[in-house]
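Only one structure is covered here, and it is reproduced in the block below.
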Amino acid sequence: MSTTPAAPLRDPPAVRLLGGFQLWHGARDVVLPPAAQRLVARVALLRRHARAVLAGELWPDVGETRAHANLRTCLWQVRRACPGLLVQGGDVLTIGADVDVDVHRAQALALDVLRDAGAVPTDALLTNLHALELLPGWYEDWVLAERERDRQLRLHALELSAHELVRRGLPGAAMLAALAAVQLEPLRESAQRAVIEVHLSEGNVAEALDRYRSYRTTILAEVGLEPTLSLQQMLGVAAPGLVRPRPLERPLAPPNGHRAR
């Protein structure tokens with residue numbers, strides 16, 4: 001079946017997937033049933049998806065006939081509630097070309113930061129200093145995979161943004177980026193390091209030491225590991241005497257079994 005391109009929407013919809021599912025059409029909050037929300041979210045994440053694959057992903061526990069019937073029902077619900085949101089071309093569904101999807105913008109900015117943080121305008125760096133999770137409370141396999149991909153991308157981008165904002169003399173914004181990275185992954189040392197580096201850039205050694213001690217307590221309790229030597233040494237320079245080599249539990253035996261005199 002052939003289709004003609006959809007005309008540009010006068011008031012295009014906006015789909016929000018970070019922090020939870022929301023759909024707006026102009027000033028109107030569009031409410032969809034849960035299954036229809038998942039259909040919109042899946043197509044929005046990938047931009048285009050085959051209907052046959054969608055039916056199996058969204059309804060894996062029912063037969064093929066029932067899954068396709070469920071898909072048709074959801075499509076009817078979406079078209080009725082928000083015309084132009086999803087466009088069908090043959091056996092493929094796409095998100096409308098004019099539809100704004102927040103995760104697309106956030107990931108595009110993150111990729112720009114990864115390519116060259118120094119080339120990203122400051123205003124752009126300041127627009128994405130948050131730790132909103134992709135579709136929290138959704139636990140389907142496809143959601144978990146997309147969530148982890150998004151989390152890793154934004155973790156790296158937030159850390160780089162923190163370093164770049166410090167370089168530009170904006171420690172307050174840098175701290176927001178670093179803390180967002182920590183919120184996404186509290187046990188990640190590079191995120192904790194970013195927070196510590198911001199404190200040190202402002203001369204707040206005591207706060208840097210407090211952050212280090214808190215992180216050390218947490219990581220010892222959670223996984224039984226010490227922070228890396230490089231992090232310890234960074235703080236040892238800031239506060240000489242903080243980090244000392246651990247004494248050996250017992251003296252090493254002399255070579256060949258001889259006692260030391």
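The values are calculated or read from the model by the stated rules, or taken from the named source; none is laboratory data. Keep in mind it's a predicted model, so treat the numbers as computed, not measured. Positions of Cβ are backbone-derived with ideal geometry, glycine not excepted, and every protein chain shown enters the neighbour counts. Accessible surface areas use protein heavy atoms only, side chains included; no ligands, DNA or RNA. Shrake-Rupley method; radii C 1.70, N 1.55, O 1.52, S 1.80 Å.
Things worth noting here:
- The value obtained for region 10-66, namely the Cα convex hull volume divided by the number of residues, is 107 Å³ per residue.
- The chain: relative contact order in percent, alpha carbon pairs under 8 Å with at least 6 residues between: 14
- Accessible area of the chain belonging to carbon and sulfur atoms, whole % at 1.4 Å probe: 54
- For region 19-24, Karplus couplings with θ = phi - 60° (6.51, -1.76, 1.60), whole Hz, Gly/Pro x: x, x, 7, 9, 9, 10
- Rounded to the nearest 0.05, the FRET efficiency derived from the C-beta distance between His130 and Arg72 at R0 = 45 Å is 0.75.
- Accessible area expressed per residue, the chain, with surrounding protein chains retained (probe 1.4 Å, Å²): 57
- All alpha carbon pair distances within region 1-107 were sorted into 10 Å bins beginning at 0; the resulting P(r) in whole percents reads 14, 50, 31, 5.
- Multiplying the residue separation of Leu187 and Glu64 by 0.36 nm and removing their Cα-Cα distance gives an extension gain of 40.0 nm.
- Between 0 and 90°, nearest 10: helix 102-116 axis offset from the chain longest Cα axis: 40
- With the simple model of a label 7 Å out from the Cα in the direction of the Cβ, Ala52 to Leu153 spans 2.8 nm.
- The candidate values are (1) 25.4, 94; (2) 17.9, 56; (3) 17.1, 48; the one derived from this structure for Rg and Dmax of the Cα atoms in Å carries the label (1).
- A DSSP coil position with no more than 16 other Cβ atoms inside 10 Å describes the following trypsin sites (Lys or Arg not before Pro) in region 179-211: Arg188.
- Helix 34-46 vs. the chain, principal-axis angle (Cα, 0 to 90°, nearest 10): 70
- Between Val92 and Ala14, the C-beta separation translates, for a Förster distance of 22 Å, into a calculated FRET efficiency of about 0.45.
- Each residue, Asp116 and Ala206, gets one label point 7 Å from its Cα in the Cβ direction; the gap between the two is 4.3 nm.
- Each residue of region 122-130 was assigned a 3J(HN,Hα) from its phi angle through the Karplus expression (A = 6.51, B = -1.76, C = 1.60, θ = phi - 60°), giving 4, 4, 5, 4, 7, 8, 10, 8, 9 Hz with x at Gly and Pro.
- Against the chain, whose longest principal axis comes from its Cα atoms, helix 64-81 is set at around 80 degrees.
- Region 75-116 residues near the modelled Asp29 label - backbone nitrogen below 20 Å, point 7 Å along Cα→Cβ: 78, 81-83, 100-103
- In the elastic network of the chain, a GNM with C-alpha springs shorter than 10 Å, the most mobile of Ala117, Ala162, Ala174 is Ala117.
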